Amino acid sequence: MKIYNNLKNKFTQLSTIFMFVLIAIQPLLDVLSYFCVEAGNTSITTALRMLMFAAVVVYAFVIAERKKPYIIMAGVLGAFWICHMVACFSEGYISLFSDMANYIRFIQIPVLALCFITLFKAKDKVIATFGPACALNMATISLVVILSIATGNIHYTYDIDKLGWLGWFSVGNAQSMIVSFIGVVTMYWAYTVKRRWVFPLAMAVVNANLFTLGTKVAYFTIFIIVIGYLFGLVITKSKRWECYLALILIAAISATLYPYSIMVRRNISHDQAFEGKDEIIEDILDNNHTEDINEIKINGIYLNTYVDIYEPYCGEMMDKFGVERVLEKYNYTISADDLAKQRLKKQIYAELCWEDSNFLTHLFGYEYETLIGEKEIYDLENDFPSVFYYYGYVGFAMFCLFLAYFALLILVALIKRFKDALTMETIMLGLSFVLLLGTAQLSGNVLRRPNVSIYLSLTLAYIYHVTTAKLGVKPFPCKKLESISEE
């Protein structure tokens with residue numbers, strides 16, 4: 001017991017350093033992952049991520065004053081996994097291990113959120129590492145992109161068109177989530193630094209990263225940051241003129257450069273690419289005929305003509321689910337642009353698999369391999385539909401309730417402590433929370449990518465800390481629940 005207490009005290013004393021290092025190494029792990037992907041072996045970074053996850057859980061569990069929340073969470077997640085496995089076995093399990101890996105990636109959000117709540121409570125200074133560590137991450141990402149350009153080894157956001165400076169990071173959508181989130185937090189850190197040149201410089205660096213990355217999320221985050229922080233400056237009656245000037249100037253420059261942005265250039269390239277494909281469909285329609293007089297005709301087009309049009313885009317889907325079911329899901333479109341939309345195709349594939357599943361699967365979801373075809377991978381890009389299909393009505397409801405709890409904390413804080421709740425810190429948290437959840441639905445690559453979801457866990461823990469510790473919001477509405485909570 002004495003050894004445990006000594007270890008607990010030591011871990012508590014080092015919690016500030018532990019948290020700072022944990023956040024600061026995230027871009028370095030992503031760079032290592034990029035080079036591992038290039039080398040064709042990602043087992044190293046996968047193992048490192050798993051070790052990091054385990055280390056955080058053990059560290060937080062050791063320093064936690066109460067262990068019940070950890071035991072309860074482990075019980076709930078374990079019980080759900082058993083129910084999910086039973087559902088998958090009822091359909092015929094394809095790969096238990098890949099499904100388990102997918103589940104572990106997903107449950108890191110609630111588990112790490114609980115761990116970070118413990119760490120933020122351990123010492124007052126731990127929460128203060130959040131802003132500087134994220135600012136350091138922004139500097140690291142900037143340096144990596146510059147080095148990739150200088151060495152002539154840059155990875156583009158849109159590789160085919162050679163557009164967008166992604167640097168040595170693997171996935172454009174995931175990196176745009178990371179840079180967007182870090183950008184929001186970096187600007188808060190810059191605001192807390194009293195030297196007048198820091199905020200404009202930080203705004204310039206953040207804007208440069210977001211603009212050159214090239215995704216829609218990254219570009220529009222520029223204006224989310226501007227609007228959010230301008231609102232914060234006004235509501236807090238700040239007299240920091242350099243902050244107003246930097247935000248307005250950056251917004252004006254970004255809006256002016258919109259026609260020349262990577263996002264617009266990418267759209268032009270995309271439209272040009274599909275002009276030829278539409279012509280191919282027109283040629284097929286011109287030859288719309290059949291030798292079989294009994295051939296079905298829909299909207300004036302023979303069924304075999306539809307098959308010719310759809311085959312290059314979703315031939316595997318038609319073989320698996322039947323031509324008419326696929327046509328109905330696409331509403332019989334003959335637009336090459338619609339047929340080539342990967343997000344739509346994956347969504348339709350997931351829906352068709354769901355329709356063919358049993359009631360138990362609807363409750364607890366189907367396995368990861370369900371959306372892995374023989375020719376293509378249909379794993380959904382949008383995160384919330386992924387949660388629904390992989391974990392069913394029960395899992396989806398549990399996750400939504402989990403997120404709703406933190407949203408409720410914010411709402412109660414605004415109702416009870418409205419004046420105190422509107423600070424630059426809480427505005428930063430609000431922007432981060434909405435940005436991460438919004439992009440999870442609209443773009444994806446947030447909830448099931450540990451290198452992105454860790455930032456969501458940090459945000460949730462920060463929200464809990466600010467609302468309960470600083471603003472005095474009760475974490476639970478009744479004494480019975482309060483008694484088993486850690487905080």
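To keep it simple, each residue is scored yes or no on (1) under 29 Å from M424 (Cβ atoms); (2) assigned to a helix (DSSP H, G or I); (3) assigned by TED's automatic domain parsing to the domain that holds F199; (4) of a type outside the set (A, V, I, L, M, F, W, C).
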{"position": "Y244", "(1), (2), (3), (4)": "yes, yes, yes, yes"}
{"position": "L247", "(1), (2), (3), (4)": "yes, yes, yes, no"}
{"position": "A251", "(1), (2), (3), (4)": "yes, yes, yes, no"}
{"position": "A255", "(1), (2), (3), (4)": "yes, yes, yes, no"}
{"position": "I280", "(1), (2), (3), (4)": "no, yes, no, no"}
{"position": "D283", "(1), (2), (3), (4)": "no, yes, no, yes"}
{"position": "H289", "(1), (2), (3), (4)": "no, no, no, yes"}
Exercise for the section: For S238, state whether it is outside any helix (DSSP H, G or I), in contact with a helix residue (DSSP H, G or I) (Cβ under 9 Å, 6 or more places away or on another chain) and at pLDDT 90 or above. Expected result: yes
Practice task
Kindly indicate whether F359 is of a type in the set (F, W, Y), without any contact (Cβ under 8 Å) to a residue 12 or more places away in the chain and either crowded, with 18+ Cβ neighbours inside 10 Å or over 30 Å from I281 (Cβ atoms) (or both).
Solution key: yes
Completion exercise
Of the residues in region 257-278 that are assigned to a helix (DSSP H, G or I) and among the hydrophobic types (A, V, I, L, M, F, W, C), the one that is farthest from F199 (Cα to Cα) is F274
Practice task
Could you figure out which of (1) over 17 Å from the mean Cα position of the chain (by Cα); (2) at positive phi; (3) not in a helix (DSSP H, G or I) isn't true of G392?
Solution key: (3)
Exercise for the section: Output the residues belonging to region 446-482 that are farther than 29 Å from K125 by Cα and at pLDDT 85 or above. Expected result: R448
Problem - Contacts under 8 angstrom Cβ, first residue in region 464-480 being under 15 Å from T423 (Cα atoms) and in a helix (DSSP H, G or I), partner modelled with pLDDT of 80 or more and among the polar types (S, T, N, Q), 6 or more apart - result: V466/T426
Fill in the blank from the handout: Scanning region 235-253 residue by residue, those of a type in the set (A, V, I, L, M) and over 15 Å from N207 (Cα atoms) turn out to be I235
Problem - Residue satisfying all of: in region 11-65; under 23 Å from the mean Cα position of the chain (by Cα) and not in a helix (DSSP H, G or I); farthest from V179 (Cα to Cα) among these - result: T42
Exercise for the section: Might you let me know whether region 369-384 holds any residue that is among the acidic types (D, E), buried (at least 18 other Cβ atoms within 10 Å of the Cβ), touching a Lys or Arg at 6+ places or on another chain (Cβ under 9 Å) and part of a helix (DSSP H, G or I)? Expected result: yes
Handout entry: Inter-residue pairs, beta-carbon under 7 Å, first under 21 Å from A113 (Cβ atoms) and in region 7-21, second of a type in the set (D, E, K, R), 6+ apart
Key = T12/K123; S15/K123; T16/K123; T16/K125
Practice task
From Y349, Y366, grab the single residue that is touching a Cys at 6+ places or on another chain (Cβ under 9 Å), outside any helix (DSSP H, G or I) and crowded, with 16+ Cβ neighbours inside 10 Å.
Solution key: Y366
Handout entry: Criterion (farther than 30 Å from M317 by Cβ, crowded, with 21+ Cβ neighbours inside 10 Å, over 15 Å from the mean Cα position of the chain (by Cα) and among the β-branched types (V, I, T)) met by exactly one of T459, T467, T423
Key = T467
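Let's see how each residue does on (1) in contact with a Gly (Cβ under 6 Å, 6 or more places away or on another chain); (2) closer than 19 Å to Y390 by Cβ; (3) assigned by TED's automatic domain parsing to the domain that holds A79:
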| residue | (1), (2), (3) |
| --- | --- |
| E316 | yes, no, no |
| L327 | no, no, no |
| Y330 | no, no, no |
| K341 | no, no, no |
| Y349 | no, yes, no |
| E367 | no, yes, no |
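The values are calculated or read from the model by the stated rules, or taken from the named source; none is laboratory data. This is a predicted model, so every value here is computed, not measured. So basically every Cβ, Gly included, is an ideal-geometry build from the backbone, and we count neighbours across all protein chains shown.
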